[in-house]
Amino acid sequence: MRLEVNRLGKEFPKAKGGTIKVLDDITFNSSEEEVLGILGPSGCGKTTLLRIIAGLEKPSVGEVLLDGSRTDRSNPKMGMIFQEYSLLPWLTVAENVSLGLEIRKASEDERREKVERYLSLVGLQGVAESHPYELSGGMRQRVAVARALTMEPAILLMDEPFAALDPQTRGEIQESIIRLKEATGKTIILVTHSVEEAVFLADRLIILSAKPGRIRKIVPVGLRRPRDRASEEFVRLRMQVLNLLTSLHVESKADI
Amino acid sequence: MKIAVPLALLVIWGVLSKIIDSSFILPSPLSVIYVLACPLENILGSGTLLDNALVSLQRVTLGFLAALVVAIPLGIGMGRYEIIYHLFDKAMAMLRPIPPLAWVPLSLAWLKIGMGSMLFIIALGAFFPILLNTIDGIRGVKNSWIEAVSMLGAGEYDLLTRVFLPGAAPTIWTGLRVGFGIAWMCVVAAEMMPGASTGLGYLIMYAYGWGQIQVVMAGMVVIGLIGLAIDLLFKSVEVKWFSWRRLDK
């Protein structure tokens, strides 16, 4: 699966007329099974970039190509994990997970088999008959991951999926994302505002500057897994990225 | 505890009826209870209390269903699609303040005396609460639900049946509950229109003509009790089916 983002730009209309440019000339490729972290100061359009890749929004200029063809939201090769509240509260966990399969009109056997397989892959066998509101935030996000996986997407897009979780749960779910990537060999594109999370999870980091969002640097992480957050090279890389982000943040403030 | 206020009202009513001492102004509670206790007795040749109540219930059900089959699809359309909303919004906002009773002359002119004109009045009463709540419910569906399900390959039809309808269902149900309550008020009013010869509304007016105020009040009590029972029915369904809305924060 080859993902190409070509000279992507996005402008939004302003309330008082005119437009505001949030993304400018974004170009990158991904052809390997990798975890790609997208980092940037607030207002750099990282979520917008992810939503354009998902097909939830249209770019003003440029294009996103998946194996050479343009993507749209109903492309089953893309799965998306949202920040929160993406599970349907009136359905049970199992019904939520099998939703995409039902829409695709998969057979009952296939649905049952896949719901079981992906729920156990994210470590949630026991809660199939529960409702989302009976689960913790971390469990809900894992259900959302299982639901996206049933569609067997080649690329999994994650929009700050752990932002609302407490630090401990966050650590656990980060570990499970690594296991997931190793078990399924998917490309994962992760938008986050946590440098530590990005350095821990990603193979490459795309660092955006703000107003408008431009690619400032693409940083290969190159740390072996399992990664030790306390190791010297981890800390050094984290500081390096943090410093870069701080300077970008100062820059974006200076523009105002 | 729950029956303290109704019981107190009953006592005050009893005392007042003793003081006033005129069955034309305020009949005693006992005389009203006596009428209620014999629901199968033909009252002054206008049918039994039970038959008249059943006729009213049948009318309200038909009128309510007629309102529902128009209001829910229109509400979904107006809630989901801006074009449909702008097309109907102003017309609906203008028609809504007109009370159903103001339509009585026109409904008689258009639909003649009888079932048709009565159903028209009843349906009008139920229509707007159902419509407004359906629009509200559809608009209240979370964008994150819509986007998440569309990422699973859902088309517009899937979104309507799997996200919009179930997501809006609790609010639509509130609309149905309020709408039925108003329809039930309208049925009594419709049965007081010229030409009516059955129903609780008719019974009340007929008994009034004969000076049988205890029958008038018995009819009123039956209207209140049936309204209460139906509201409880709606509420119990709400608790059973839509508890997710309360629990999901």
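All of the numbers you see were taken from the coordinates with simple rules; none came from a lab. Remember, it's a predicted structure, so these values are computed and weren't measured experimentally. Here the Cβ positions follow ideal geometry from the backbone for every residue, glycine too, while neighbour counts run over all protein chains shown.
Counting only helical runs of four or more DSSP H residues, what would the 222 nm mean residue ellipticity of chain B come to if each run contributes -39,500 (n - 2.57) and the total is spread over all its residues?
About -25000 deg cm²/dmol.
So, with +1 on the Cβ of K and R and -1 on the Cβ of D and E, and no other charges, what is the size of the charge dipole of the protein assembly as shown about its Cα centre, to the nearest 20 debye?
Rounded to the nearest 20 debye, it is 820 debye.
Of the beta bridges DSSP finds with both residues in the range A:118-248, what % are antiparallel, to the nearest 5?
Once the DSSP bridges in the range A:118-248 are tallied, antiparallel ones form about 55 percent.
Lys/Arg Cβ at +1, Asp/Glu Cβ at -1, dipole of the range B:1-138 taken about the Cα centre: which of B:L87, B:L74, B:I43 is farthest positive-ward?
B:L87
Quick one: grab Rg to one decimal and Dmax as a whole number for the protein assembly as shown, Cα atoms only, in Å.
Values for the protein assembly as shown (Cα only, Rg and Dmax): 32.0, 100 Å.
Give the average over all directions of the projected area of the C-alpha convex hull of the range A:33-85, one decimal, in nm².
About 4.8 nm², averaged over all directions.
Take A:R117 and B:Q58, extend 7 Å from each Cα along the Cα→Cβ direction, and tell me the distance between the two endpoints in nm.
It works out to 5.8 nm between the two label points.
Need one number: convex hull volume per residue for the range A:143-256, Cα atoms only, in Å³.
About 123 Å³ per residue, rounded to a whole number.
Given a Förster distance of 60 Å, report the FRET efficiency between A:R229 and B:E82 from their Cβ-Cβ distance, rounded to the nearest 0.05.
The computed FRET efficiency comes out at 0.75.
Projected area of chain A, taken from the Cα convex hull and averaged over every viewing direction, in nm²?
Dividing the Cα hull surface by four gives the mean projection, 14.6 nm².
Say the cut-off is 21 Å between C-alpha atoms; which of A:K181/A:K211; A:K105/B:K142; A:K58/A:K211; A:K14/A:K46; A:K16/B:K142; A:K186/A:K217 go over it?
Checking Cα-Cα distances, A:K181/A:K211; A:K105/B:K142; A:K16/B:K142; A:K186/A:K217 exceed 21 Å.
To the nearest 0.05, how large is the calculated FRET efficiency for B:S31 and B:V11 if R₀ is 22 Å and r is the Cβ-Cβ distance?
Using R0 = 22 Å, I get an efficiency of 0.90.
Considering all alpha-carbon pairs of the range A:1-133, what whole percent are spaced by more than 26 angstrom?
Cα-Cα pairs of the range A:1-133 separated by over 26 Å account for 41 percent.
Where Rh is the Kirkwood radius over the Cα pairs of the range B:1-145, the temperature 4 °C and the viscosity 1.567 mPa s, what D in µm²/s does Stokes-Einstein return?
67
How would you rank A:D67, B:D51, going from fewest to most other Cβ atoms within 10 Å of each one's own Cβ?
By the 10 Å Cβ count, ascending, the order reads A:D67, B:D51.
Would you mind checking the tilt of helix B:82-95 against the longest principal axis of the Cα atoms of chain B, expressed as 0 to 90 degrees and rounded to 10?
20
Take every Cα-Cα pair in chain B and report what % of them are more than 25 Å apart.
Value for chain B: 55 percent of Cα pairs lie more than 25 Å apart.
Computed FRET efficiency, Cβ-Cβ of A:E4 and A:E175, R0 35 Å: what is it to the nearest 0.05?
Once rounded, the FRET efficiency stands at 0.70.
Whole Å is fine, so just give me how far the alpha carbon centre of the range B:88-119 lies from that of the range A:60-91.
Rounded to whole Å, the Cα centres lie 48 Å apart.
Quickly work out the B:D136-to-B:L160 label distance, labels modelled 7 Å from Cα along the C-beta direction, and quote it in nm with one decimal.
It is 2.4 nm.
Give me log10 I(q)/I(0) at q = 0.20, 0.23, 0.25 Å⁻¹ for the range A:192-256, Debye formula, one equal scatterer per alpha-carbon, no solvent.
The calculated log intensity ratios at q = 0.20, 0.23, 0.25 Å⁻¹ are -0.77, -0.96, -1.08.
Using only C-alpha atoms and all pairs of different ones, pull out the Kirkwood radius for the range B:54-137 in Å with one decimal.
By the Kirkwood definition, the hydrodynamic radius is 13.4 Å.
With the crude spin-label approximation of a point 7 Å out along Cα→Cβ, what separation in nm comes out for A:D25 versus A:I218?
Taking the simple label geometry, A:D25 and A:I218 are separated by 1.6 nm.
For the range B:80-180, state the average projected area of the convex hull of the C-alpha atoms over all orientations, rounded to one decimal in nm².
Dividing the Cα hull surface by four gives the mean projection, 7.6 nm².
In deg cm²/dmol and to the nearest 500, what is the mean residue ellipticity at 222 nm of chain A if only DSSP H runs of at least 4 residues count, each as -39500 (n - 2.57), divided by the residue total?
Mean residue ellipticity, 222 nm, calculated: -11500 deg cm²/dmol.
Taking the alpha carbon gyration tensor of the range B:184-249, what are the square roots of 5 times its eigenvalues, largest first, to the nearest whole Å?
One finds semi-axes of 36, 12, 7 Å for the range B:184-249.
Take the Cα coordinates of the range A:103-175, assign each an equal point scatterer, and use the Debye formula without solvent to give log10 I(q)/I(0) at q = 0.14, 0.20, 0.24 Å⁻¹.
-0.47, -0.92, -1.22
Semi-axes of the equivalent ellipsoid for the range A:5-61, please: Cα gyration tensor eigenvalues, times 5, square-rooted, ordered largest first, whole Å.
Semi-axes from the Cα gyration tensor: 23, 12, 10 Å.
Where is the GNM fluctuation largest for chain A (alpha-carbon springs, 10 angstrom cutoff): A:L242, A:L208, A:L23?
A:L242
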